[in-house]
Amino acid sequence: MLHVRFAHLLPGKEARLREWLSELGRRRDEVVETLVQEGARHEQAFIIDGREGPLLVYAMESADPVAASQAYRASTLKIDQEHRAVLLECLGERLQAAPLFDCSVPPSRPA
């Protein structure tokens, strides 16, 4: 299942968040460890320009996004602790959005 979240960045925090996302790319082994712990298969993050300032768009693929989120919040891995701190520092209001269309290939019918 694909799960997408959106959040405004706090003023002046775009460079800090971009720096952190780049660091995650350099710490791939740690990121993979946390994805496995969460039961997630894939994550992507984007920063896009919005009318009210930059937005973080975060997408995660997981069989159970709720369980993945709970595992992330409970994680004691150093990278997750750092990640939570950076997001707390950089993100403002989270935007609520529900998909208007959602479709996936059933497991019985491989892509």
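The values are calculated or read from the model by the stated rules, or taken from the named source; none is laboratory data. Because the structure is a prediction, the values reported are computed rather than measured. All accessible areas refer to the heavy atoms of the entire protein, side chains included, with ligands and DNA or RNA removed. Shrake-Rupley method; radii C 1.70, N 1.55, O 1.52, S 1.80 Å.
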Amide hydrogen neighbours beyond the local backbone of Gly50, cut-off 5 Å, H modeled: Leu55
Per-residue ³J(HN,Hα) for the range 20-26, Karplus 6.51 cos²θ - 1.76 cosθ + 1.60, θ = phi - 60°, Hz, x for Gly and Pro: 5, 4, 5, 4, 4, x, 7
Additional length obtainable on full extension of the chain from Val57 to Val4, 0.36 nm per residue less Cα span: 18.4 nm
Of all accessible heavy-atom area on the range 1-100, the percent that carbon and sulfur account for (1.4 Å): 55 percent
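Please compute the per residue accessible area over the chain with all protein chains in place, 1.4 Å probe, rounded to a whole number of Å². Please report the intermediate quantities before stating the final value.
Numbers: 7900 Å² over 111 residues.
Per-residue accessible area for the chain comes out at 71 Å².
Could you order Asp80, Asp29 so the one with the most accessible surface comes first? Probe is 1.4 Å.
Greatest to least solvent exposure: Asp29, Asp80.
Subtract the Cα-Cα distance of Gln70 and Glu30 from 0.36 nm times their separation in residues, and report this length gain in nm to one decimal.
On the way: separation 40, 0.36 × 40 = 14.40 nm, distance 1.82 nm.
Stretched out fully, the Gln70 to Glu30 stretch lengthens by 12.6 nm.
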Most fluctuating residue given options Pro11, Pro54, Pro65, as computed from a GNM of the chain linking Cα atoms under 10 Å: Pro11
Rounded D (µm²/s) - the chain, Kirkwood Rh over Cα pairs, Stokes-Einstein at 37 °C, 0.692 mPa s: 217 µm²/s
Amide H within-cut-off set for Leu10, under 5 Å, with H built and near neighbours excluded: Leu91, Gly92
Mean Cα-pair separation over length for the range 1-68, i.e. relative contact order, pairs under 8 Å, 6 or more apart, %: 49 percent
Using θ = phi - 60° and Karplus 6.51 cos²θ - 1.76 cosθ + 1.60, couplings along the range 80-96 (whole Hz; Gly, Pro as x): 5, 4, 5, 4, 4, 5, 5, 5, 4, 5, 9, 9, x, 4, 8, 9, 8
